[in-house]
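First the structure, in the form of structure tokens, and then the observations on it.
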Amino acid sequence: MQKFKKPVSFLFIFLLLVVFQSCKKETLIVPPVSLNYFPTEPGTWVSYSVDSIFHAENDNLNDDSVYYFHCEIKEEIDSSFVDGSGKTVQVVNRYYRKDSSNDWSIINVWTQYLTPYAAYRIENNIPLHKLAFPINEDISWNGNDANSEDEEIYSYEYFHEQGSYGGMSFDSTLSVIQMDEDNYIERIYKNEIYATGVGLVYKQQDVLGKINGIIVNGFEIRTTVIDFGRDY
């Protein structure tokens, strides 16, 4: 009996090593480039040109009353803190001006946080699940999984591709389709595009009502990066 103890012990140790190695292979490792789509460093800022089209309802529903608006928005990560659940949360100050001839005026404050699995922005006290990790063509998620709004399934249209927005070229961008509905009574399209090291560089929001397939009310908003940097 003594002769068989050592082989059995060796086999047992070998199996433990195999299991250990298997567990190591299953550990989630998010490539750094993925997290770079959602900057968290204080002092990081991005400014945008925002163009809006408003389809009013005071035109007998023939879409004759269409109004155009333009402004600029700047978002800057101001500081960070650790919340009650242990997450590091960034404070995002948001500024407004009519155009470059005016000074920036703060309009509101949002927050955000990043984990190895997700990126969240809390906009007007509503947490939105902006990005999901690891980034791949099969992943999808509910953008409203942290709030009480109706489910909206987000997915990646493309990722890690070169792109140009606001007259600037970016080495690596990704596109998130948040909603794409186009039928006889409505057109709803929501899309956000992010660039590594910058964050959001383009956003499209179309929420339009139709009658007999013709647009009669709603709005269209295009938010495009015009500058970015880091102050400290």
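The values are calculated or read from the model by the stated rules, or taken from the named source; none is laboratory data. Computed from a prediction, not measured in an experiment: that's the story for all the values here. Areas reflect the complete protein model, heavy atoms only, side chains present, ligands, DNA and RNA absent. Shrake-Rupley method; radii C 1.70, N 1.55, O 1.52, S 1.80 Å.
How much accessible area does Ser164 have with a 1.4 Å probe, in Å² rounded to the nearest 10?
80
Kirkwood Rh over Cα pairs of the stretch 102-152 into Stokes-Einstein at 25 °C, 0.890 mPa s: D in µm²/s? Walk me through the intermediate numbers first.
Details: Rh = 12.5 Å.
This corresponds to a translational diffusion coefficient of 197 µm²/s.
Among Tyr37, Tyr113, what's the order by accessible area (1.4 angstrom probe), most exposed first? Provide the component values of the computation, followed by the final result.
Details: Tyr37 0, Tyr113 40 Å².
From most exposed to least exposed: Tyr113, Tyr37.
Quick check: Cα centre of the stretch 169-232 to Cα centre of the stretch 133-157, how many Å?
16
Protein chains only, probe 1.4 Å: how do Glu161, Glu192, Glu137 rank by accessible area, largest first? Present the calculation step by step, with values, prior to reporting the outcome.
Numbers: Glu161 90, Glu192 5, Glu137 145 Å².
Correct descending sequence by accessible area is Glu137, Glu161, Glu192.
How large is the accessible surface of Ile211 in square angstrom, using a 1.4 angstrom probe and rounding to the nearest 10?
80
Trp104 accessible area, nearest 10 Å², 1.4 Å probe?
It works out to around 70 Å².
Whole percent per 10 Å bin, from 0 to the bin with the longest distance: what is P(r) over all C-alpha pairs of the stretch 96-231?
11, 34, 37, 17, 2, 0
From largest accessible area down, sort Asp64, Asp231; use a 1.4 Å probe on the protein chains.
Working: Asp64 115, Asp231 95 Å².
Result of the area sort, largest leading: Asp64, Asp231.
What ³J(HN,Hα) values, in whole Hz, does the Karplus curve 6.51 cos²θ - 1.76 cosθ + 1.60 give for the stretch 215-222 when θ = phi - 60°, with x put for Gly and Pro?
These are the phi-based 3J(HN,Hα) values: 5, 10, 7, x, 8, 10, 10, 10 Hz.
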